[in-house]
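Below is one structure, written out as structure tokens; comments come after it.
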Amino acid sequence: MYDCIIVGAGPAGGTAAYHLAKQGRSVLVLEKESLPRYKPCGGGVSPAIAQWFDFDFSPAISLKVDELRFTWKMGDPVETKIATIEPVWMVRRDVFDHFLIQQAQKQGAELKDSTEVTGIEFKSDHWQVNTANGPVTGRYLIAADGAKGPMAKWLGFKERKRRLAGALEAEVPATVENKSTIHFEFGMVKNGYIWNFPKADGYSIGVGTFIGGEPQDFKKILDEYGKSFGLDVKTSKQYGHPICLWDGNQKLHTQNAVLAGEAACVVDPMTAEGIRPSIFSGLLAAGAIHQALSGDANALENYSEAIGEQWGADMAWAQKLAGAFYRFPGVGYKVGVKRPSGSQIMGRILCGELRYGDVVNRALKRLVPIPGFGG
């Protein structure tokens, strides 16, 4: 009988496993893929996550970047150096996620990868988790199995508050000329943006749309964008995947179980940043389970409230900004991105040094003359 079974070995699951094992709890991580495993993701990580750990992430970082380049329909560029203490980390998720799990294993957590969960049953005071390799039991459960995972549904979360976004990603091997610049393109895709994140040995190029709207030919857009960098995206494998954007505070706990990571819909609705909020939710989930194991009957309820207060409150501002920016992106680019302070602010938000709540109210006021911007 484990103290806690964690389903999913992404950033949320790895973080929760690390912190629970460090507290002396018996932890089992179940992961359906074999680690290390590929995960479509731009791989930009806010260096602010370092404050939540006591080990060095250097082995898991491909590059550190300190410049942002924005374009509108491939022209009208804005370049800015990020004036922050630490640059943004670029990671490959197969390396990063596995590294985090390895740190948890050093603390005593167990990993069973290549082990798909086939169902769960609550047995009076503990969970039985059925897998393709037989059942395991644990007093508490953390569901960290991502946007497409079945755990939330099995735990009774029928309708989660979330805004489903779509993304298409390609990993393109290449000689990267400028390894210190992240590229964002805003005019070629409606209701979203295109990104190009450099890695030591290539680019992670992706296109995402974050606010409904009509279907778009992501493959064509990605191909056209790649050509501007002299890249043939068509020769690389492309991965389409859903993203669970935050869409309001909600209950994230049930009987002896919590949701964490993208299963908890914590992704930033403005930038689609998912790694930092997933790690943050894993950190809080570990604390809640530890408190519950110590006899605190309100610990899991407190977890739902803490996510709402400490992450959701700021995401409400991110959602307002996204609603304004992506509906009127031409104006947003002109009065937001092209302002020297605007691109600097975005860099500081990406690095975790600034919160949306500190700046969005002022930004929205500049856009108020346009219907729908002030709300």
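Remarks
- Per residue, the range 66-178 exposes 50 Å² of solvent-accessible protein surface, assessed with a 1.4 angstrom probe and all protein chains in place.
- Taking every protein chain into account, the accessible area of the range 227-375 amounts to 41 square angstrom per residue (probe 1.4 Å).
- Across the range 247-365, counting alpha-carbon atoms alone, Rg and Dmax equal 16.5, 54 Å.
- Cysteines, the chain, no other Cys beta-carbon under 4.7 Å: CYS4, CYS41, CYS351
- The mean of 1/r over all pairs of different alpha-carbon atoms in the range 116-165, once inverted, gives a Kirkwood hydrodynamic radius of 12.0 Å.
- Dmax and Rg, reported as Rg then Dmax, of the range 148-251 (C-alpha, Å): 16.1, 49
- Convex hull projection area averaged over all views, the range 1-57, Cα basis, nm²: 4.8
- Spread of Cα-to-Cα distances over 20 Å intervals beginning at zero, given as percent, for the chain: 30, 57, 13, 0
- Magnitude of the charge dipole for the range 2-318, about its Cα centre and with charges confined to Cβ atoms of Lys, Arg (+1) and Asp, Glu (-1), is about 460 debye.
- Too-long pairs where the Cα-Cα distance tops 18 Å, listed order kept, from LYS73/LYS227; LYS32/LYS148; LYS161/LYS251; LYS39/LYS237; LYS32/LYS161; LYS32/LYS112: LYS32/LYS161
- Ligands, DNA and RNA left out, the 1.4 Å accessible surface of the chain is 49% carbon and sulfur atoms.
- Computed on the range 2-318, with alpha-carbon pairs under 8 angstrom and 6+ residues apart, the relative contact order is 22 percent.
The values are calculated or read from the model by the stated rules, or taken from the named source; none is laboratory data. Remember, it's a predicted structure, so these values are computed and weren't measured experimentally. Positions of Cβ are generated from backbone atoms using ideal geometry, with glycine treated the same way; all protein chains shown enter the neighbour counts. Protein only, heavy atoms only, side chains kept; ligands, DNA and RNA dropped before computing areas. Shrake-Rupley method; radii C 1.70, N 1.55, O 1.52, S 1.80 Å.
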